[in-house]
1. Would you check if there is a residue in the stretch 282-293 being open to solvent by less than 60 Å² (accessible area, probe 1.4 Å), at pLDDT below 85 and in contact with an Asp or Glu (Cβ under 9 Å, 6 or more places away or on another chain)?
2. Taking the stretch 56-83 as the region of interest, how many residues are open to solvent by less than 60 Å² (accessible area, probe 1.4 Å) and not in a strand (DSSP E or B)?
3. For N301, which of the numbered conditions (1) surrounded by 14 or more Cβ atoms within 10 Å (Cβ to Cβ); (2) on the phi > 0 side of the Ramachandran plot fails to hold?
4. Do we find a residue being under 30 Å from I161 (Cα atoms), open to solvent by 100 Å² or more (accessible area, probe 1.4 Å) and either in contact with a Gly (Cβ under 7 Å, 6 or more places away or on another chain) or of a type in the set (V, I, T) (or both) anywhere in the stretch 252-263?
5. Just to verify a result, which residue in the stretch 279-321, among those that are in contact with a helix residue (DSSP H, G or I) (Cβ under 9 Å, 6 or more places away or on another chain) and assigned to a strand (DSSP E or B), is farthest from K39 (Cα to Cα)?
6. Counting just the residues of the stretch 225-249 that are β-branched (V, I, T) and in contact (Cβ under 8 Å) with a residue 12 or more places away in the chain, which one comes out surrounded by the fewest Cβ atoms within 10 Å (Cβ to Cβ)?
7. Go through the stretch 140-164 and give me each residue that's loosely packed, with under 12 Cβ neighbours inside 10 Å, of a type in the set (D, E, K, R) and assigned to a helix (DSSP H, G or I).
8. Being surrounded by 13 or more Cβ atoms within 10 Å (Cβ to Cβ) and either assigned to a loop (DSSP other than H, G, I, E, B) or in contact (Cβ under 8 Å) with a residue 40 or more places away in the chain (or both) is the filter here, so list the residues in the stretch 124-139 that pass it.
Amino acid sequence: MATLIDSNKVKYLCSCNRLKPLSYLYYCKYCKPLTLKCKDCVIHEIDQKFFCTNCLDNKVQKEVMAVKYKCSSCFNCPNCNNLLLTRASSVKIPKDTAATNQSAQTTQQPQKVYYLICVFCRWTTREVGIPDVTSVPDGWKLLENPFNKRIHELTDAYKVIAAREKLERDRKKFPALKRRSLYISGSSATSSILHSDKYGILAPAQKRLAATASIGNQNLDPQITIEQQFKSLIKPAETIDSFDELPEEFFTKGSNINSITSIAQRHANPDFQPSKTNELYPLNKFYQSKESKRCSGCEHNVLKPESNIISIKFKLHQMAV
C-alpha cells in the first residue's frame, strides 16, 4: 500500500532513450508513430508577459528588466523564504501645539505604521532594526549594491569587446565589397545594400548594424589585441596582499550558531551575502512567466497554458499520465 500511488515506481522509455515516470512525459498526436517525450525532447517557450504570483501585477519584459525582475511590493522571508505579510500598528507621535502665547503643551497624535512579519518562523523587520514605514507600496526600497559602478564599467567594456569580435567575424564571413556596403554611411546610400531598401523592411537590421559598428569601431586597430583593448577600457582590480588579524574574542569566546546565517540564506541575497542574522533584509519576490512546450519533431504545441495570469488551466494539455 505504501507504493500504490508512487508514480516513480514504474518508468517508461522516452524518445531520447531516458527512463522517466509517466507524470513527467508528454505525447504528440501529430507524430507518427506515437512517441513519448520528456522535458529534454520538447522546445520550451517563455511567455513575454511577466507577473507577480502574490499581487498579480503584470508587466512586459522591458519593464521587468528595468526593476531586475523583482516586485517592489511583495517580499519573501530571508530566514525561511516564505511570503512576508504586512501588519499595521498604531504609534503615538508627539505634536507641539501652542495653547497660549506664553506656554505650549505637548499632545500625542496617533499614527499608523506598517512592518513585515513571517507567519511561519515569526521573523519581523523589527528584529533586525528596519524602521517601520507609513506607506505600504513604496515603503521598503531595494538595497543598492555598493559595487554597482564597477559592474557597469565591466558590462560596458565587455559590450565593446563583444561588438569587436562580431565585426571581425563578419569581415571573415562576407566579401570585401559586401562588407563595405554593410557599414557604409548614409551619405552614399545608393550603393548600400541596406539603404537601398525601398519599403524600409530592413530598417531594424540597419539600426542594429549601425549601433554595433559604432561600438566596435572604438580603438579598432588591428595591431591592438582584444586583451590590450580590454585593459585600456577598464581599470584592473586592486590586489589585496594583507588581511586584518582575527580578534582575540574569536578564539576565547564561543560563537552563537543562531546568529550566523546559513549558506542558503547567503545565496538568496547574492548582492550582499549577509553573514549575521541581524543583517538580513526582506527579499523581493521575483516576477514569473508561463511556459509553453512544443514538439521538437513537428513543432506542434503539446502544452500551452491560458494567457490569463489568474487562470491555472491549459488550452492544450497533452500529458502522458
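1. Taking the stretch 282-293 as the starting set, the residues that turn out to be open to solvent by less than 60 Å² (accessible area, probe 1.4 Å) are 282-285, 287, 289-290, 292-293.
Then keep just the ones that are at pLDDT below 85; that gives none.
The answer is no, given that none of the residues of the stretch 282-293 is open to solvent by less than 60 Å² (accessible area, probe 1.4 Å), at pLDDT below 85 and in contact with an Asp or Glu (Cβ under 9 Å, 6 or more places away or on another chain).
2. 7
3. Result: N301 fails condition (2) only.
4. Going residue by residue through the stretch 252-263, those that are under 30 Å from I161 (Cα atoms) are none.
Taking every residue of the stretch 252-263 in turn, none turns out to be under 30 Å from I161 (Cα atoms), open to solvent by 100 Å² or more (accessible area, probe 1.4 Å) and either in contact with a Gly (Cβ under 7 Å, 6 or more places away or on another chain) or of a type in the set (V, I, T) (or both).
5. L283
6. For the stretch 225-249, the residue satisfying everything is I226.
7. K149
8. Taking the stretch 124-139 first, the residues surrounded by 13 or more Cβ atoms within 10 Å (Cβ to Cβ) are 124-128, 130, 132-133, 139.
Within the stretch 124-139, T125, R126, E127, V128, I130, D132, G139 meet the criteria.
The values are calculated or read from the model by the stated rules, or taken from the named source; none is laboratory data. On a predicted model such as this, the values are computed, not experimentally measured, just so you know. Glycine gets a Cβ as well: all are built from the backbone with ideal geometry, and neighbour counts include every protein chain shown. Remember, those area values only see protein heavy atoms, side chains included, never the ligands or the DNA or RNA. Shrake-Rupley method; radii C 1.70, N 1.55, O 1.52, S 1.80 Å.
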